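Heads up: the structure comes next, in structure tokens.
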């Protein structure tokens, strides 16, 4: 079923709050990464003037006070510094670059900042998932003079377990799909909360390919190593806390819509897909589901400039627009991660499922954060 081009109505009572900051630019990390602590009392983001250096900022939501707890030289307008809560919200793990330009994960205390602990045993790892503000992380490597792999990291002990490498996964492709002269690597390794299943993307990079081309999407049963390909899906996956399936995007085509996107739920064990929302909206970008399982939200892009944030009520079937946000959308001619080109909202949920944090930027490309509220009321109260 094709997606609708009609603009959905605004949710009655929805509010948008812009968070004032002493920084010119503020960005939370990325789609699917918790910006709130587990208590919902603090926010984590980066603040910076330009991408040469950024502060890691913890914000007390009650007072609005900002505290810089550390700094990084590995920040961009799309993923910030991949900062996230860790060690039961007592610390923050983030990325910086060492003197040789290699990604170096670090830890810093969230309450007072202070000395940053460099996780040297994890040098070269890009941490992409920390389970429930906890101690276990999943990370990927890039094939810089070595074989790309995905690993499970223990942030408390420094122990590392390699789960699989690129050779193993590429061998699952049919021979006519394997390419010569390219480097294979991974993206978005996300474990389900019970750590039974993991999802990830396989990418390839050849001469002139930057940052890489998406090849296909896989799930893997972590205990048995069983790995299943999910062809035809794209975008930014998200684990559904209700069904244990994967919320993702499928590209479609009709005579009047040569390219449109549908939201589907995928079974990690069978690759079967069910349509998630009939007649959703055009161009869902970064879909996610609230912690209580009641709501789904996504950003979407219209006319190359305005970004919408949409809300779906899984209980009633209601669909609304929460906000229209200005954003920069200038397709890149040459890959440059420092270039100001993506002001994508990346909506992330509060732990009580009553608010969304989004990135936004104004006409002067000053990035700031906004909180969307007002949709958890009697019209469709969360948890009702």
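For a quick check: sort 31, 368 by the number of other beta carbons within 10 angstrom, fewest at the front.
Taking fewest neighbouring Cβ atoms as first place, the list is 368, 31.
Using 0.36 nm times the number of residues separating residue 172 and residue 120, minus their current alpha carbon distance, what extension gain do you get?
15.5 nm
By how many nm would the segment from residue 324 to residue 223 grow when fully extended, if each residue of separation counts as 0.36 nm and the alpha-carbon distance is taken off?
Extending this stretch completely gives an extra 32.0 nm.
Can you give the relative contact order of the stretch 102-232 as a percent, counting alpha carbon pairs under 8 Å and 6+ residues apart?
Taking the mean separation of contacting Cα pairs over the length of the stretch 102-232, I get 14 percent.
I need to check one value: relative contact order of the stretch 37-142, counting alpha carbon pairs closer than 8 Å and at least 6 residues apart, in percent. Provide the component values of the computation, followed by the final result.
Details: 240 pairs, mean separation 20.2, N = 106.
Relative contact order here is 19 percent.
Order of 155, 322 from fewest to most other C-beta atoms within 10 Å?
Ordered by Cβ neighbours within 10 Å, fewest first: 155, 322.
With the Cα gyration tensor of the stretch 130-232 giving a ≥ b ≥ c as the square roots of its eigenvalues, does the rule (a/c under 1.5 for rounded; else a/b larger than b/c for prolate; else oblate) give rounded, prolate or oblate?
prolate
Treating only the Cα positions of the stretch 1-136 as identical point scatterers, give the base-10 log of I(q)/I(0) from the Debye formula at each q in 0.09, 0.21, 0.22 Å⁻¹.
-0.30, -1.27, -1.38
Kirkwood-based Rg over Rh for the stretch 14-60 (C-alpha set), two decimals?
Taking Rh as the inverse mean 1/r over Cα pairs, Rg/Rh reads 0.98.
If each residue of separation counts as 0.36 nm, what is the full-extension length gain between residue 18 and residue 316 once their alpha-carbon separation is subtracted?
Contour length minus the Cα-Cα distance gives 104.3 nm.
Only counting other Cβ atoms within 10 Å, I'd like 163, 311 sorted with the fewest neighbours first.
Lowest to highest Cβ neighbour count: 163, 311.
Once you treat every alpha carbon in the stretch 101-181 as an equal point and sum by Debye, what is log10 I(q)/I(0) at q = 0.12, 0.27 Å⁻¹?
-0.44, -1.37
Each reported figure results from applying straightforward, stated rules to the coordinates on display, with no laboratory input. It should be emphasised that the depicted structure is a prediction, and the values quoted were computed from it without experimental measurement. All Cβ positions, glycine included, derive from the backbone under ideal geometry; neighbour counts span all protein chains shown.
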